[in-house]
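The values are calculated or read from the model by the stated rules, or taken from the named source; none is laboratory data. Keep in mind it's a predicted model, so treat the numbers as computed, not measured. Please note: Cβ atoms are built from the backbone with ideal geometry, for glycine as well, and neighbour counts cover all protein chains shown.
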Amino acid sequence: MNTSARRTFSVEFFPPKTDEGAAKLRVVRAELAALDPAFFSVTFGAGGSTREGTLATVMEIRAEGRVVAPHLSCVGQTTASLRELLRTYREMGIRRVVALRGDLPSGAGGGAGEFRYANELVEFIRRETGDWFHIEVAAYPEFHPQARSAKDDLAAFVRKVNAGANSAITQFFYNADAYHRFVADVAALGCTVPIVPGIMPISNYSQLSGFCEKSRIDMPRWIEERLKGYGDDRESIRAFGLDVVTDLCAGLLARGAPGLHFYSMNQATLTRTIWQRLGLPPAAAANPAV
Ligand code: FAD
């Protein structure tokens, strides 16, 4: 059965900090737009640190005629500032947002503000804007690092879906069992919204290892040892990473994942190569076996 039409394939960017970065991202976007993803999403620095940059990037993508989903993080924000942002997005005709708690930078003074957890932001968006937005929330197949327990984290996820989220995107992972178990566990709690795997292409061992450590993501030993063994040989890291991540994606889709969300890191090549190797839409139109 060709289920790709009902699946959602999307790509994430972060807002560039410089004019040069913005120019580079335009080129990356043009390359990835050729794949016709369902949407591009744009991250939002916690505490509003990238508010202007996120908005500028979102406006550019919108002007290019693409579907864009801004991320919104609520920690350190006020209801007034979020209301204003939601109004702006509505006026721009944006219908999709990714609603997050976010993390205040360490050492940041002050409290969390008016919102403590993402479920409160989801409730707020629904209260303020009804059904205007399709709301995505974050999911953690290996559990959020601050969760009191796995059970509490599953309950927190279900709470934010019940607050009005339509679907979820996961933290990246390399252990597919964690994802499938997470989906099964929340389904057993009555939560059946699409949970789209977040996919991190592999290009740099030390950077990836740092991300995994910080976010408590399991990098399987066989992957870690191979990557370490390549040392500075970036070509081998990329080639191995492409094989590993393409296989991960193919396995996830074969077991029913409702799409894929690529953490592009503002780079086109790896995301595009994986996408093409998988034969994802629009390539799927020419390859009905996908
Ligand atoms: P929540 O769902 O609120 O959960 C945070 C923690 O609180 C969890 O440990 C949860 O178990 C616990 N918790 C939840 N509710 C309760 C409760 N009532 N009582 C006690 N504990 C509770 N960050 C950004 O700053 N900007 C971005 O653009 C961004 N985009 C992201 C996109 C995706 C797809 C993902 C997976 C993450 C993203 N993040 C982003 C990171 C995210 O903001 C952090 O992981 C943050 O620490 C948690 O956000 P959350 O929305 O998952 O929080």
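Quick rundown of the values:
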| item | result |
| --- | --- |
| Failed item in (1) free of Cβ contacts under 8 Å to residues at least 60 places away in the same chain; (2) assigned to a helix (DSSP H, G or I), with VAL244 passing the rest | (1) |
| Given (1) buried (at least 21 other Cβ atoms within 10 Å of the Cβ); (2) at positive phi, number of the condition GLY164 does not satisfy | (1) |
| Residue in the range 248-265 that is polar (S, T, N, Q), out of contact with any His (no Cβ under 6 Å at 6 or more places or on another chain) and surrounded by 17 or more Cβ atoms within 10 Å (Cβ to Cβ) present | yes |
| One residue from ALA5, ALA23 being part of a helix (DSSP H, G or I), modelled with pLDDT under 95 and more than 16 Å from the ligand (Cβ to nearest atom) | ALA5 |
| Matching option when the condition is of a type in the set (S, T, N, Q), away from the ligand (no atom under 13 Å from the Cβ) and surrounded by fewer than 18 Cβ atoms within 10 Å (Cβ to Cβ), among SER206, SER215, SER149 | SER206 |
| Of the criteria (1) more than 10 Å from the ligand (Cβ to nearest atom); (2) part of a helix (DSSP H, G or I), which one GLY47 fails | (1) |
| Scope the range 118-149; condition outside any loop (DSSP other than H, G, I, E, B), within 17 Å of LEU82 (Cα to Cα) and touching a helix residue (DSSP H, G or I) at 6+ places or on another chain (Cβ under 7 Å); matching residues | ALA118, ASN119, VAL122, PHE124, ILE125, GLU128, THR129, ILE135, VAL137 |
